[in-house]
Amino acid sequence: MFGLGSPHTLTCERTFAISHNTWLHKIVEGGVRPLASTPVTPNQITTLRLIAGIGAAAMFAVGENDWVIAASVLFTVSILLDRADGVLARLSGKTSTWGHRYDLISDSLCNALAFVGIGIGLKESALGTWSILLGIIAGAAVSAVLWLVMRAEERDGRRAAELGGRAGFDPDDALLFVPVAMLLDWGMCLITAAAIGASIFAIFFFWKFRSFLRSPN
């Protein structure tokens, strides 16, 4: 969600909207468009996304098959709601700086807790309690990236640390693999790959945007 404070800000928001014109955004837009003229706000959708994401993480932590199936469905809904709040913000003009920050924090919390929940749920697997550590590592890496994004935006404005998408896909769309992997019973491979991959991505992200780690002159 983006703030509107001046004509220049409006122009930037429309430009950024193009960078978020992924296939997933297009799919979600059809369902969101009717809400643009209603009292429904992007922040309300973000709150639903937060509730769904936390609920999915709790279900993943149970570890039983039926709960994992329910968690996978709910996590997918959470991902779609994550796209929906931004789409509604752009269609309705109901934007705010606080809403954008709320969106970022909700995204990070949902994604980080999902990995922690998956790790807890796999504690009876061949990984043993190592799965919990792997989940924490993956979740911590996600949170670390959010911290740098927020620091970058505080210094250089919104989308300062954004990674552009390619071919209609955004890097964040990779999260759709999480529920797919869990439904296919690939949980151990997923949590191991997430701990390693998210950590490598965090290191790459910090290196690419390392200038934001320094205080402005």
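The values are calculated or read from the model by the stated rules, or taken from the named source; none is laboratory data. Small disclaimer: the values here were computed from a predicted structure and weren't measured. Every residue, glycine as well, gets a Cβ built from its backbone with ideal geometry; the counts of neighbours run over all protein chains shown.
Observations, loosely collected:
- Leu81 vs. criteria in contact with a Lys or Arg (Cβ under 6 Å, 6 or more places away or on another chain), hydrophobic (A, V, I, L, M, F, W, C) and buried (at least 22 other Cβ atoms within 10 Å of the Cβ): yes
- Restricting the first member to the range 86-103 and to residues that are under 11 Å from Gln44 (Cα atoms) and without any contact (Cβ under 8 Å) to a residue 60 or more places away in the chain, and the second to residues that are assigned to a helix (DSSP H, G or I) and of a type in the set (D, E, K, R), the beta-carbon pairs closer than 9 Å and six or more apart or on different chains are Leu88/Arg33.
- Of the criteria (1) surrounded by 17 or more Cβ atoms within 10 Å (Cβ to Cβ); (2) in a helix (DSSP H, G or I); (3) at pLDDT 95 or above, which one Leu133 fails: (1)
- Scanning the range 25-37 for residues that are surrounded by fewer than 18 Cβ atoms within 10 Å (Cβ to Cβ) and either among the hydrophobic types (A, V, I, L, M, F, W, C) or under 23 Å from Thr97 (Cβ atoms) (or both) yields Ile27, Ala36.
- When the range 56-67 is filtered for residues that are in a helix (DSSP H, G or I) and surrounded by fewer than 21 Cβ atoms within 10 Å (Cβ to Cβ), the ones remaining, listed by number, are Ala58, Val62, Asn65, Asp66, Trp67.
- Qualifying residue in the range 56-72 (condition: within 23 Å of His25 (Cα to Cα), small (Gly, Ala, Ser) and within 12 Å of the chain's Cα centre (by Cα)): no
- Test: residue in the range 75-95 that is over 17 Å from the mean Cα position of the chain (by Cα), within 23 Å of Gly121 (Cα to Cα) and among the aliphatic types (A, V, I, L, M): no
- Looking across the range 170-214, the residues that are in a loop (DSSP other than H, G, I, E, B) and modelled with pLDDT of 90 or more come down to Leu184, Asp185, Trp186.
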